[in-house]
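Peer 1: My structure is below; once you've seen it, I'll send some questions.
The values are calculated or read from the model by the stated rules, or taken from the named source; none is laboratory data. Since this is a predicted model, take the numbers as computed values, not measurements. Cβ placement follows ideal geometry from the backbone for every residue including glycine, while neighbour counts extend to all protein chains displayed.
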Amino acid sequence: MDGYWFTSDMFTVEPGEDEEINPGRYGRQLAAWLKAQLEQRGHNVEPVIAEDWGRCLVLSRDPFMLWVGCGNVDASADGAPPTGEIVWTCFAVAEVPLLKRLFGRPDTSAALSRLDSDLRDILGSEPAIRLVAAP
């Protein structure tokens, strides 16, 4: 999965936040911050959705689903909150429903490219975020 991996002191693990999803999965503060940043760039973002793997920000549903996934990538094996520096991630996705794929796939490239560019700009312009390479 392509995307961005980074560290930052801007986001912390809130007590009990992984009870909404899976043990060791965090990102509530990251999702709220990223939602606000995307809205400042003109995106309409639905309320944050808790997923098994982290948080989802839906930007559009038609003619295809355009969304951003975000969360942490370094949970401990036992699901305990991390004690060291957390590596966060976010990634853009364009999902075309099956029927639309069967009857003429809509072009997702422009929307996905814009969203990825916005994510790169958002993360790159925040001094408290340090991009890291994915392992």
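Peer 1: Taking the stretch 112-135, which residues are outside any helix (DSSP H, G or I) and small (Gly, Ala, Ser)?
Peer 2: Across the stretch 112-135, the qualifying residues are ALA128, ALA133, ALA134.
Peer 1: What tally of residues in the stretch 107-131 results from selecting those that are surrounded by 14 or more Cβ atoms within 10 Å (Cβ to Cβ) and either modelled with pLDDT under 90 or among the aromatic types (Phe, Trp, Tyr) (or both)?
Peer 2: Final tally of qualifying residues: 1.
Peer 1: Inside the stretch 32-54, can you point out the residues that are surrounded by 13 or more Cβ atoms within 10 Å (Cβ to Cβ) and either touching a Leu at 6+ places or on another chain (Cβ under 7 Å) or touching a residue at least 60 places away in the same chain (Cβ under 8 Å) (or both)?
Peer 2: The answer is LEU34, LYS35, GLN37, LEU38, ARG41, HIS43, VAL45, VAL48.
Peer 1: Separate question: Got at least one residue in the stretch 83-94 being in contact with a Lys or Arg (Cβ under 9 Å, 6 or more places away or on another chain), at pLDDT 70 or above and of a type outside the set (A, V, I, L, M, F, W, C)?
Peer 2: There is no residue in the stretch 83-94 that is in contact with a Lys or Arg (Cβ under 9 Å, 6 or more places away or on another chain), at pLDDT 70 or above and of a type outside the set (A, V, I, L, M, F, W, C).
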